[in-house]
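Taking it in order: structure first as structure tokens, then the write-up.
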Amino acid sequence: MKKTAVFPGSFDPFTKGHEAVVKKGARLFDEIIIAVGVNESKVSFFNLEKRLNHIKALFADLPAIKVVTYNSLTVDLCKEQNADFILRGLRDTRDFEYEKSIAFLNEQLGGIETVFLLTELKYAPINSTIVREISKNNGDISHFVTLSEKLV
Ligand code: ADP
């Protein structure tokens with residue numbers, strides 16, 4: 001049976017940390033659906049269209065990686081996409097504590113199993129909030145984001 005995982009997140013922006021998680025996940029799953037959460041009441045920093053094009057460009061040569069947007073419960077998106085798994089990245093114990101509660105909820109809500117993967121060690125300190133701050137102050141985000149020119 002085809003194994004599909006949804007990798008949900010805000011991805012504002014999609015960093016090298018996220019990229020490493022998807023690449024590792026691609027060794028486990030037949031298909032990974034990167035799901036960019038769109039929240040009407042939350043304004044993103046990077047433009048949605050650019051964020052989507054950026055992620056698509058990153059995985060252009062990997063047909064098993066798809067990119068979608070969603071504004072529903074993650075478990076409902078999983079059902080819609082026939083995905084039995086949610087993929088999430090872990091950087092540290094703080095991520096783990098937070099992710100653990102969400103994972104239990106998603107299992108109860110939709111019977112969806114969450115698979116956690118560590119990012120590459122060198123990307124563990126990267127987080128989207130800091131990348132946004134650097135960008136706001138006209139700093140160079142290319143250390144943290146591959147193909148960052150597609151975002152600005
Ligand atoms: P959310 O707003 O849902 O936390 P993010 O876009 O911040 O979405 O992150 C999506 C996923 O990527 C989460 O599982 C998060 O823990 C993980 N993640 C974020 N940054 C990194 C990183 N540098 N390395 C590995 N995983 C990361």
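Could you tell me which of the residues V68, V36 is among the hydrophobic types (A, V, I, L, M, F, W, C) and within 14 Å of the ligand (Cβ to nearest atom)?
V36
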Given the residues A60, A20, which is the only one that is under 11 Å from the mean Cα position of the chain (by Cα) and either among the small types (G, A, S) or outside any strand (DSSP E or B) (or both)?
A20
Filter region 10-30 for residues that are surrounded by fewer than 18 Cβ atoms within 10 Å (Cβ to Cβ) and in contact (Cβ under 8 Å) with a residue 12 or more places away in the chain; which is farthest from the ligand (Cβ to nearest atom)?
D30
Yes/no for N53 being modelled with pLDDT under 95 and polar (S, T, N, Q)
no
Hey, F7 assigned to a loop (DSSP other than H, G, I, E, B), among the aromatic types (F, W, Y) and either within 14 Å of the ligand (Cβ to nearest atom) or within 11 Å of the chain's Cα centre (by Cα) (or both) or not
no
Restricting region 79-102 to residues that are part of a helix (DSSP H, G or I) and among the polar types (S, T, N, Q), the one modelled with the highest pLDDT turns out to be S101
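For every residue, the table says whether it meets (1) over 17 Å from E19 (Cα atoms); (2) without any contact (Cβ under 8 Å) to a residue 12 or more places away in the chain; (3) near the ligand (Cβ under 9 Å from one of its atoms).
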position: E80; (1), (2), (3): yes, yes, no
position: A83; (1), (2), (3): yes, no, no
position: E99; (1), (2), (3): yes, no, yes
position: T119; (1), (2), (3): no, no, yes
position: S128; (1), (2), (3): no, no, yes
position: L151; (1), (2), (3): no, no, no
Could you tell me which numbered condition I112 fails, if it satisfies all but one of (1) near the ligand (Cβ under 10 Å from one of its atoms); (2) under 15 Å from P8 (Cβ atoms); (3) surrounded by 14 or more Cβ atoms within 10 Å (Cβ to Cβ)?
(1)
Single residue of region 32-59 satisfying the filter (within 25 Å of L121 (Cα to Cα) and free of Cβ contacts under 8 Å to residues at least 40 places away in the same chain) that is surrounded by the most Cβ atoms within 10 Å (Cβ to Cβ):
I34
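The values are calculated or read from the model by the stated rules, or taken from the named source; none is laboratory data. None of the values given here were measured: they were computed from a predicted structure. Because the Cβ atoms are built from the backbone with ideal geometry, glycine has one as well, and the counts that use them run over all protein chains shown.
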